[in-house]
Structures are given as C-alpha cells and as structure tokens.
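Novice: Starting off with a structure, shown below.
Every read-out reported here was derived from the displayed coordinates using simple, explicitly stated rules and does not represent laboratory data. As the structure is a computational prediction, the values presented were derived from the model and not from experiment. Using ideal geometry, Cβ is built from the backbone for each residue, glycine included, and neighbour counts are taken over all protein chains shown.
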Amino acid sequence: MQNDVIMAGFGGQGILLIGKMLAYAGMHEGKEVSWLPSYGPEMRGGTCNCTVVISDKPVGSPVIQSPGAILAMNLPSLEKFEADVRPGGFLLINTSLIKQKSERDDITVIDVPANKIAQDLGNPRGANMVALGAYVGATGAVSLEQVEAVVRETFAAKPSVIDVNLEVLHKGYDLGREHAAPTAEEAAS
C-alpha cells in the first residue's frame, strides 16, 4: 500500500515541517518513505511544497505526477495542484484562506478551516498541524500515535508548545476521519 501527498502553501506556514513529520512517522512505523521539498528563494511568503511518499515497498521515485492527495494551504497551491490529484483521491482545502471551491467530482474534497480552528484553540500558528491531522485522519497513511510521538520529538526543546500542537492535531484528525474511506473491518460490519 502506498500513500503519496503533495503538501503546498506559502513559506512560513510550516508546510515542509509537517511533511517531514509525516515522513518521520512513516519511518517510525517501519515503512519506506521519501520527502522531497521544493521552495522558492524567498524566506517567507514565497511558495513551497513537498511531496511525501509512504509505502510498505521501496519507493521508486520521490517525484509523483498524480498523487493520491493534495493538501492546499493557499489559493496558488490549489490552482497549481488540484488537477494533479488522481481520481478517487483526496483534496484538502484550507478554507480559512481559500474561498474557491473545487470543480472536481471524481475526488473527495475535504474543507478544513485550518487557520480558524488553530485560532479558536489559541494556537494561531498551528494551522499546519490541523491540516496534518486532517490528512492522517482521512487517509490513515500513518497512525495518529506515531504522529503524536514525532510532535513530541520535534518540539522537545520547547515543551510548552507540545500540548497546544497536539490539541490542534487531534481536532484536524477528527475532521479528517469524517471523510475517511471505511476500513475493511468497518465495511464488513
């Protein structure tokens, strides 16, 4: 089973960070992973994206032409990558910053008001964690427990931000689970 996603937004949104966290969670689960960042020369405000592949088999290439999911945190990212999602895939749209709706009817579109959720929970810089949680909840690419462990590792030097990041991660995860494909066990019951 392979899960691949392009996470995209502008510099300063923590896109590369959540991509790396997702890849580390996959590694901790013993899966094969790749993380391929891409960004402009700007420090903040420029575009950036990363491709993450998580698989139970060796990853042939970190470059994915038609990913199973796109996580779009701003309008330019939606416009650039929406058409690339393969049919049956997921498109996560940060509706806090994107007012445009998807025209596609062959994919699952998940509206995630990431900035609003993070702000409402007192963590205005946590929109990226909301989006990561929504992706994990919708796809099951890795377990929530592994992502939690990576959050704890990543922010070990700043213990005061661990709990607030876990809170927004969980909120996003719950939102993503609402759109998840049923597991084999759920479908059988």
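Novice: About its Cα centre, what dipole magnitude does the chain give when the only charges are +1 on Lys and Arg Cβ and -1 on Asp and Glu Cβ, stated in debye to the nearest 20?
Specialist: That gives a dipole near 560 debye.
Novice: Longest exposed-loop-site-free stretch of the chain, with trypsin sites (Lys or Arg not before Pro), DSSP loop and at most 12 other Cβ within 10 Å?
Specialist: The answer is 102-189.
Novice: With n ≥ 4 as the cut-off for DSSP H runs, can you work out [θ] at 222 nm for the chain, using -39500 (n - 2.57) per run divided by the number of residues, rounded to the nearest 500?
Specialist: -11500 deg cm²/dmol
Novice: Would you indicate which of (1) 15.3, 51; (2) 20.8, 66; (3) 16.4, 47 is the value of Rg and Dmax of the Cα atoms in Å derived from the coordinates of this structure?
Specialist: The value computed from this structure is option (1).
Novice: Once Lys and Arg get +1 and Asp and Glu get -1 on their Cβ, which of G140, C50, F90 lies farthest toward the positive end of the dipole of the chain?
Specialist: Working it through, the farthest residue towards the positive pole turns out to be C50.
Novice: While we're here: When V109, V5 are ordered from fewest to most other Cβ atoms inside 10 Å of their Cβ, what list results?
Specialist: Values: V109 16, V5 25.
Exposure proxy ranking, most exposed first: V109, V5.
Novice: Out of I107, F10, S34, whose Cα points farthest toward the positive end of the dipole of the chain (charges: +1 Lys, Arg; -1 Asp, Glu; placed on Cβ)?
Specialist: Result: F10.
Novice: Could I ask something else about it? Could you derive backbone 3J(HN,Hα) for segment 110-117 from the dihedral phi with the Karplus parameters 6.51, -1.76 and 1.60 (θ = phi - 60°), listing whole Hz in sequence and x where the residue is Gly or Pro?
Specialist: Computed from phi, the couplings for segment 110-117 are 10, 7, 10, x, 4, 5, 5, 4 Hz.
Novice: Antiparallel DSSP bridges in the chain: what percent, to the nearest 5? Could you put the intermediate results ahead of the total?
Specialist: Working: 17 of 30 bridges.
Expressed as a percentage, antiparallel bridges in the chain total about 55.
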